[in-house]
Amino acid sequence: MSAETTQQTDEELLSAHIDGDSGAFEELMDRYKNNLLHFLIRFVGSTAAAEDVFQETFLQIHISAETFDPSRRFKPWLFTIAANKGRDWHRKHSKRTVLSLSQEIGGEGEGTRFIDLMEADQELPDATLLDTEQKDSIRNAVEQLPDHLREILLLSYFQQMSYVQISESLHIPLGTVKSRLHAAVAAFSQAWQTANSEDDV
Amino acid sequence: MSNSFDHLKLCKADADMLDQLVDVGFEVDQLEYLTPEDKQRANSILKMLNFLDAYPVEDASDTLIDVTLARINQYEAKRAARMQIHTPELETTRRGFKLRMPDLITVAAMILLTVSVFAMLGKSARNQSINNECATNMAMVGRGLFYYALDHNGNTPTEQATEVASLFGGIIPERTNAEVLAAEEYCEHHHLNCPGHGGEGRGFSYQTQSAAMWDEIQSRGKVFIIMSDLNPILGRMLADKEFDPLTPSPTHGSLGQNHLRDDGSIASGAAPVFGGDLIWVLDGKSRGIDIFLTH
């Protein structure tokens with residue numbers, strides 16, 4: 001990769017790829033290989049599956065490159081396509097079971113439970129001191145989330161995409177994005193604490 | 001799947017704080033005018049979310065980019081192949097027919113040629129019309145097979161023909177499954193039928209062989225029939241009743257039956273004999289290999 005390509009923006013690299021610059025696409029992949037792969041591992045649950053979806057994603061980027069609006073940012077587009085490919089993967093391999101969490105607890109309407117994270121914080125260990133078993137619990141907690149909650153949690157927290165960006169990318173209303181993120185954080189918190197309380201027993 | 005979580009919500013204070021954190025990319029220092037309680041709440045949310053960082057992930061392998069580039073090159077090679085003009089050819093494999101570089105233009109030209117040849121034959125107008133439409137449908141299925149094979153590493157869709165296992169000594173053979181072509185939009189569903197058949201059940205018969213026989217057929221290097229008009233004697237064979245192997249297909253009156261060959265062409269036979277082999281079944285003389293079409 002030349003020094004020139006490493007100084008180009010993502011959008012310029014994609015444009016160069018369309019114009020036939022063979023190194024530009026490789027540079028784009030290199031920039032996002034770990035970030036995207038980590039996102040996909042968290043989304044689909046295994047490295048092997050994530051690598052496959054990674055390839056599908058960049059193949060789709062290649063195929064659709066000429067439709068990309070250069071006035072927009074490349075990164076949200078990339079992660080939108082990755083999320084779509086990840087969802088396709090889940091559809092093909094939909095055998096996951098989902099935890100049923102505290103359904104018996106009441107709240108707003110029958111069965112609604114409000115999670116207060118400040119209260120939960122009093123019992124939480126330091127994330128940097130987790131052992132392997134606890135890390136596995138986190139993985140399980142994430143994997144229990146339904147796809148439509150998980151993708152928003154990952155796009156929001158790891159990719160720092162705004163509500164508006166997620167709304168535009170996934171073609172869902174802004175309010176839905178917010179409510180799904182709220183639900184995702186509440187569910188993750190609940191699942192994580194449930195897993196930990198089971199471990200304590 | 002989402003219903004299990006519909007009952008879970010953040011309390012309003014957490015939800016409002018989470019919205020603020022999203023707005024600043026989870027950089028709590030960028031939030032101004034926080035009360036001590038707000039700050040504590042923000043930190044609680046971040047502490048929970050920080051656990052996500054502990055999700056075990058691996059960095060990309062050294063080969064991931066190379067493999068991805070190879071996949072893109074493979075896609076481009078396939079796309080380029082579609083744009084070239086080739087004579088469609090088939091070779092057989094253990095899992096069905098394997099196709100080499102077919103081309104839309106060639107196949108489309110073949111269809112037009114086929115239809116025009118049939119139009120010149122000048123039999124009864126109704127049977128001729130049925131025969132022409134049947135040939136066109138068969139050509140569209142043939143084209144669908146080519147393009148399906150292009151997208152599936154050269155293999156065509158097959159299914160297990162359990163109902164004719166008794167004719168194969170109890171071994172379940174494989175048969176072309178053209179329903180897949182329609183389901184995946186490689187052709188339209190009405191192409192799977194000869195209009196003379198009337199639309200009940202399958203309208204064509206398809207090549208059926210045991211897995212071991214595919215290799216044998218390939219080694220013979222002869223013209224191979226992929227599909228044909230409906231085999232009229234299959235039912236009698238399965239019922240172990242007497243049958244005449246020279247029974248013609250009833251779908252075109254006296255015009256015989258159409259068959260799609262592995263070179264992409266469509267032929268029409270006045271009698272159910274083709275290239276020394278019967279289209280339908282053995283004629284009672286063992287040749288060690290036969291063309292066997294079932295529906």
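The values are calculated or read from the model by the stated rules, or taken from the named source; none is laboratory data. Predicted, not measured: the structure shown is a model, and the values here were computed from it. Cβ: placed from backbone, ideal geometry, glycine included. Neighbour counts: every protein chain shown.
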Would you mind telling me which numbered condition in (1) within 7 Å of chain B (Cβ to nearest Cβ); (2) surrounded by 22 or more Cβ atoms within 10 Å (Cβ to Cβ) residue A:39 fails? (1)
Evaluate region A:171-178: report whether one residue or more is more than 18 Å from residue A:45 (Cα to Cα) and under 14 Å from the mean Cα position of the chain (by Cα). yes
Hits in region A:139-174 (condition: among the β-branched types (Val, Ile, Thr), farther than 13 Å from residue A:187 by Cβ and in contact (Cβ under 8 Å) with a residue 12 or more places away in the chain): A:166
Tell me whether region A:17-33 contains one or more residues that are over 16 Å from the mean Cα position of the chain (by Cα), more than 25 Å from residue B:56 (Cα to Cα), part of a helix (DSSP H, G or I) and more than 14 Å from chain B (Cβ to nearest Cβ). no
Output the residue which, of all residues in region A:53-82 that are away from chain B (no Cβ under 14 Å) and among the aromatic types (Phe, Trp, Tyr), is surrounded by the most Cβ atoms within 10 Å (Cβ to Cβ). A:79
Please go through region A:143-201 and pick out each residue that is among the hydrophobic types (A, V, I, L, M, F, W, C) and assigned to a loop (DSSP other than H, G, I, E, B). A:145, A:158, A:161, A:172, A:201
Residue in region B:211-228 that is out of contact with any Cys (no Cβ under 9 Å at 6 or more places or on another chain), exposed (fewer than 13 other Cβ atoms within 10 Å of the Cβ), within 28 Å of residue B:140 (Cβ to Cβ) and at pLDDT 80 or above present: no
Here's a check for you: in region B:1-17, which residue that is modelled with pLDDT of 85 or more and more than 7 Å from chain A (Cβ to nearest Cβ) is surrounded by the most Cβ atoms within 10 Å (Cβ to Cβ)? B:17
For region B:26-73: of the residues being more than 7 Å from every other protein chain (Cβ to nearest Cβ) and acidic (Asp, Glu), which is farthest from the chain's Cα centre (by Cα)? B:37
